[in-house]
Amino acid sequence: MEKRRREFLKTAGAVAAGTMILPFGCSPKKGKEEAATAEAPAKKAKDIGIQIYTLRNQIQEEGLEKVLEKVAATGYKWIEAYGYENRKFLGKTPKELNNLITGLGMSMPSVHSVTEVSSEGGKDAILDQMKTTAEDAIAAGAKYLVWAWLKEEDRQSLDDYKRHIETWNKFSEVCKEAGIQFAYHNHDFEFIVYDGVKPYDLIMKETDPDLMKFEMDLYWITKAGEDPVEYFKKNPGRYALWHVKDMYPGDKFFAPVGKGSIDFKRIFENRDLAGMKYFFVEQDSTREGVSPYDTIKVSWDYLNNADFV
């Protein structure tokens, strides 16, 4: 009996290893073809990034470690962090965050951080703060430090933007000296016209192409009624980073990538013109009852299988 049992297990193991079990109703020939397909090397997953602000609620509920484990398991390779405060990113020191991300087989080429545009200590204090921020971003493994947001009270006129541009130009110099690239992330409000001028166009014009790059948010620029590719043509090489997010037609709500109306094929075909180095999936909000974990999987699947990425 024991001998027969060993022979059965040996045979079963060989069959399983060779993937020779045929689906019900298949001919032996078809089964061999399917076996050959199954034995073919798996296609290498593409390098795809995610801005983890998408999972901010999950981070609060589950902790950063568990969330990043799920992100890595989904297939993402690049992380873009946010939440810089008291010299920590999301409560982690730069070294702790770097160790966590790299330990999961990922990297963090970019971080979002908003340094105040005004301070009781004056401009010197603001520049010192940016220098510290840049040093911490580098220690966390980042190559890009992205200005991510302007509060509503800080963007009420073209003069407001002119003041900020002066500050950002100085930030760009501070970052270059520290060894990191400064970049600006858009929303839709930069395209509101003041005195016949779009603030975004003014920012592009009045900043040094070598010192200041841009993170193109494909959703927000599309929502503003602008064409990303036209901006690539006007300012080639300046869009080193992208936020890849989609838009449902009609109500223009955030959609998983590939489920909305944005033509990503056309945009990605112009990646070299844009100067894109890294891109990050982001979905600011999801429909009620929909898990962000499900949406980031849908987005990853779409981009990983797209022939234009």
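Values quoted throughout were computed directly from the atomic coordinates according to the rules given, and no laboratory measurement underlies them. Predicted model, so just to flag it, every value in this text is computed and none were measured. Neighbour counts are summed over all protein chains in view; Cβ atoms, including those assigned to glycine, are modelled from backbone coordinates with ideal geometry.
Brief remarks on what is shown
- Order of MET130, MET276 - criterion: other Cβ atoms within 10 Å of each residue's Cβ, fewest first: MET276, MET130
- Among residues other than ASP160 with Cβ under 13 Å from its Cβ, the summed charge is -3 (Lys and Arg +1, Asp and Glu -1).
- Computed from label points 7 Å out along Cα-Cβ, the spacing between ASP47 and VAL229 is 2.5 nm.
- Rg in Å to one decimal, and Dmax rounded to a whole Å, for region 50-305 via C-alpha atoms: 17.7, 51
- Nitroxide proxy distance, nm - points 7 Å out along Cα→Cβ at ASN270 and GLN156: 3.5
- For peptides 43-49, 240-246, 107-113, 167-173, sequence by mean Cβ density within 10 Å, most packed first: 240-246, 107-113, 167-173, 43-49
- Amide H contacts of VAL281 (H built 1.01 Å from N, under 5 Å, at least 5 apart or other chain): GLY49, ILE50, GLN51, VAL244
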